[in-house]
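Everything on this sheet refers to the single structure shown next.
A short reminder: the numbers here are calculations on the coordinates, not readings from a lab. Just so it is clear, the structure is predicted and the values come from calculations on it, not from any experiment. No Cβ is skipped: glycine too gets one built from the backbone with ideal geometry, and neighbour counts run over all protein chains shown.
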């Protein structure tokens, strides 16, 4: 530091010592040679005989033009240590705001990271989503509580579908895998066997996009991954055909079918 700070001490009021005491000051502090230094605005709020000192700095203007509020070492053009508010609009002139945390209340701004998570943007943010609806060839029926139960022998099947858009702006829908949850387990002759991921470009005829044979009989979720993340953007609708093997001796109850998906360019 260079020479001792110098400045103006402001004193007003009717106290007996008001001519030598003051709570506000504007001080110039030399920081280098040739009197290169910083301005400090001081405010002492204690109601006693003390005067404002550098420790009472509430705002600092550095020699390089950086302004600090609540800090004497501003690292940017405006460096605020504490909360702030605006009565009007904050125009960033097409510049971004960095280092913002994810929102926790309704009025908080949303970060890109948060938006990507919510909208499943990017493979790292892939989400599981339950089916929107289903139908069957008659071999399965609704058994209450959202469960689907086989009612015939042979190879009955049911079809699940999802209502997700296959594009979102310039982003495409990708599917990573499917998982099925059984409420009542199968056995050696009653189980889920074939899973076909199917898509329709017209909303009518469906064609196979991916198929997988996996004997599923355990209670809970059993998942499988597609050979590679599958681009579904060329399809208007999509779903899964799920085939069972049943001899009618016991029931297979499916409680959920989920798809692992995300959006990406």
A chain fully extended from residue 201 to residue 83 at 0.36 nm per residue, minus the present Cα-Cα distance, gains in nm 37.2 nm
Taking every alpha carbon pair in segment 191-244 and sorting the distances into 10 angstrom bins from 0 up to the bin holding the longest one, the percent per bin comes out as 23, 48, 25, 4
Mean separation of Cα contacts under 8 Å (at least 6 apart) over the residue count of segment 1-83, i.e. the relative contact order in percent, is 19 percent
Distance in Å, no decimals, from the C-alpha centre of segment 242-263 to the one of segment 77-139 is 34 Å
For residue 170 and residue 214, extending 7 Å from Cα along the Cα-Cβ vector and measuring point to point gives, in nm, a value of 3.5 nm
Cα-based Rg then Dmax for segment 113-251, in Å, read 15.9, 50
The simple spin-label model distance between residue 96 and residue 223, using points 7 Å out along Cα→Cβ, in nm, is 2.9 nm
Taking 0.36 nm per residue of separation between residue 118 and residue 9 and subtracting their Cα-Cα distance, the length gained on full extension comes to 33.8 nm
Under a Gaussian network model of the chain whose springs join Cα atoms within less than 10 Å, the largest fluctuation of 218, 52, 181 belongs to 52
Contour minus Cα-Cα span, residue 137 to residue 152, at 0.36 nm per residue, comes to 4.4 nm
Projected area averaged over all directions for the convex hull of the alpha carbon atoms of segment 1-83, nm², comes out at 6.2 nm²
